[in-house]
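The values are calculated or read from the model by the stated rules, or taken from the named source; none is laboratory data. Since we're looking at a predicted model, the values are computed, not measured. Backbone-built Cβ (ideal geometry, glycine too); neighbour counts: all protein chains shown.
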Amino acid sequence: MPAAVTTTLFSFNIAPEQIEPKKLDRPYVVEVVDASGKNKEELKGISDEVNPFSITEKLGAKPFVEDKFTAFPDIKMGIGSKITLYRAPEYKIKEGKKETVIRSWTDTVGALFSERNIEIGKDDRVNFPLDTRLDLEMNIVITRVAITQIQEKKPIDFQIIKKDDNTMDQGKTKVQQAGQKGIKLLTYEVHREDGEEVSRKLLSTEITKKPVDEIILIGTKPVITVKCKYNDTVIDAALKYGTDANALCSLMMKESNGNPTSGQGNDYQGLFQYTDGFWASASAKAGFSGANIFDPKAQIYTTAWAFTHGQRSRWP
């Protein structure tokens with residue numbers, strides 16, 4: 001035999017005033033008036049709703065929360081009503097790339113911003129003064145302006161200074177001091193609109209690190225590459241008068257083969273074969289007045305002087 005089934009019955013005592021009245025379908029006429037007050041649309045239908053928003057929504061009027069309603073007779077009477085839906089005026093607010101449609105019954109741009117908690121910064125721009133009265137389908141543009149200061153570091157190139165060095169062979173170079181770039185700090189005032197930079201103004205420039213010049217030594221000491229005698233004296237004389245040491249050597253070897261007493265007793269004598277008259281004149285001007293014509297140092301220095309004072313053509 002199957003087990004017996006036990007059923008428990010519950011009863012509730014409910015006061016009459018707690019019983020919700022049964023919703024009844026009632027006839028409604030909905031008149032939709034646009035924000036200009038000129039265009040109207042009429043809708044009819046049955047609804048069991050009890051507030052104007054729900055009734056008009058059910059009848060297809062698509063109300064917005066900002067819209068206003070009137071009803072006659074009062075909906076609470078439960079016999080049906082004519083409901084007038086007044087569309088709230090709408091305004092477009094563009095803020096950067098964002099565009100929003102706002103419906104409001106306020107009367108000025110500033111009041112609209114206050115109602116919607118839209119804050120306008122001291123540098124922001126609005127295409128209408130805040131006390132401008134609102135107009136239907138008004139397009140309001142807010143440009144968010146940010147003015148800030150930024151700093152940028154930029155390198156300062158160093159200078160390259162070349163110095164002659166007569167202790168180093170000609171053609172050689174040496175970095176005596178490595179160059180180092182400096183740093184300057186630039187302060188700009190940057191103007192941005194809706195997040196995009198539109199301008200910047202340089203406010204100040206400060207050198208925070210000075211550059212260090214690079215110094216390169218250039219060898220000027222003559223290098224003798226031809227057959228020669230008295231090399232050191234030739235080099236010293238060439239340096240003093242800025243002439244070509246190899247040219248001096250070549251001329252010396254051509255004229256006397258490096259023999260300081262060459263041509264003794266003849267018209268042309270010494271390393272570079274001077275005549276007595278030319279020797280007396282040139283040696284005195286070169287600082288060797290009275291020097292012996294066979295003095296190799298005097299002849300070398302005098303000839304170096306002659307090379308740089310327009311006398312080179314005396315030697316063919």
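Answer yes or no as to whether Thr84 is within 30 Å of His191 (Cβ to Cβ) and either in contact (Cβ under 8 Å) with a residue 40 or more places away in the chain or not aromatic (Phe, Trp, Tyr) (or both). Break it down into steps so the answer makes sense when it comes.
On the way: within 30 Å of His191 (Cβ to Cβ): no; either in contact (Cβ under 8 Å) with a residue 40 or more places away in the chain or not aromatic (Phe, Trp, Tyr) (or both): yes.
No, not satisfied.
Of all the strands (runs of 3 or more DSSP E) wholly in segment 120-229, which have at least 1 residues that are exposed (fewer than 12 other Cβ atoms within 10 Å of the Cβ), among the acidic types (Asp, Glu) and in contact (Cβ under 8 Å) with a residue 60 or more places away in the chain? Break it down stepwise before answering.
Details: elements: 139-143, 145-156, 160-169, 173-177, 182-193, 196-209, 214-221.
Correct list: empty, since no element meets the threshold.
Is segment 288-297 home to any residue that is closer than 23 Å to Leu239 by Cβ, free of Cβ contacts under 8 Å to residues at least 40 places away in the same chain and either in contact with a Cys (Cβ under 9 Å, 6 or more places away or on another chain) or crowded, with 22+ Cβ neighbours inside 10 Å (or both)?
No, segment 288-297 contains no residue that is closer than 23 Å to Leu239 by Cβ, free of Cβ contacts under 8 Å to residues at least 40 places away in the same chain and either in contact with a Cys (Cβ under 9 Å, 6 or more places away or on another chain) or crowded, with 22+ Cβ neighbours inside 10 Å (or both).
Looking at (1) surrounded by 12 or more Cβ atoms within 10 Å (Cβ to Cβ); (2) of a type outside the set (A, V, I, L, M); (3) in contact (Cβ under 8 Å) with a residue 60 or more places away in the chain, which is the one condition that is false for Lys97?
(1)
Say we look at segment 240-286 and pick out the residues that are outside any loop (DSSP other than H, G, I, E, B) and acidic (Asp, Glu); which of these is farthest from Pro296 (Cα to Cα)?
The extreme case among them is Asp276.
Would you check which residues across segment 66-88 are surrounded by fewer than 15 Cβ atoms within 10 Å (Cβ to Cβ) and polar (S, T, N, Q) and list them?
Thr70
Please report, ordered by residue number, the strands (runs of 3 or more DSSP E) entirely within segment 56-99 with at least 2 residues that are of a type in the set (Val, Ile, Thr).
81-86
Looking at the structure I just gave you, is Ala237 closer than 20 Å to Gly171 by Cα, buried (at least 16 other Cβ atoms within 10 Å of the Cβ) and either modelled with pLDDT of 95 or more or out of contact with any Cys (no Cβ under 6 Å at 6 or more places or on another chain) (or both)? Walk me through it before giving the result.
Values: closer than 20 Å to Gly171 by Cα: yes; buried (at least 16 other Cβ atoms within 10 Å of the Cβ): yes; either modelled with pLDDT of 95 or more or out of contact with any Cys (no Cβ under 6 Å at 6 or more places or on another chain) (or both): yes.
Taking the combined requirement at face value, the residue satisfies it.
Report yes if some residue within segment 42-51 is part of a strand (DSSP E or B), touching a residue at least 40 places away in the same chain (Cβ under 8 Å) and either buried (at least 16 other Cβ atoms within 10 Å of the Cβ) or of a type in the set (S, T, N, Q) (or both); otherwise report no.
Within segment 42-51, not a single residue is part of a strand (DSSP E or B), touching a residue at least 40 places away in the same chain (Cβ under 8 Å) and either buried (at least 16 other Cβ atoms within 10 Å of the Cβ) or of a type in the set (S, T, N, Q) (or both).
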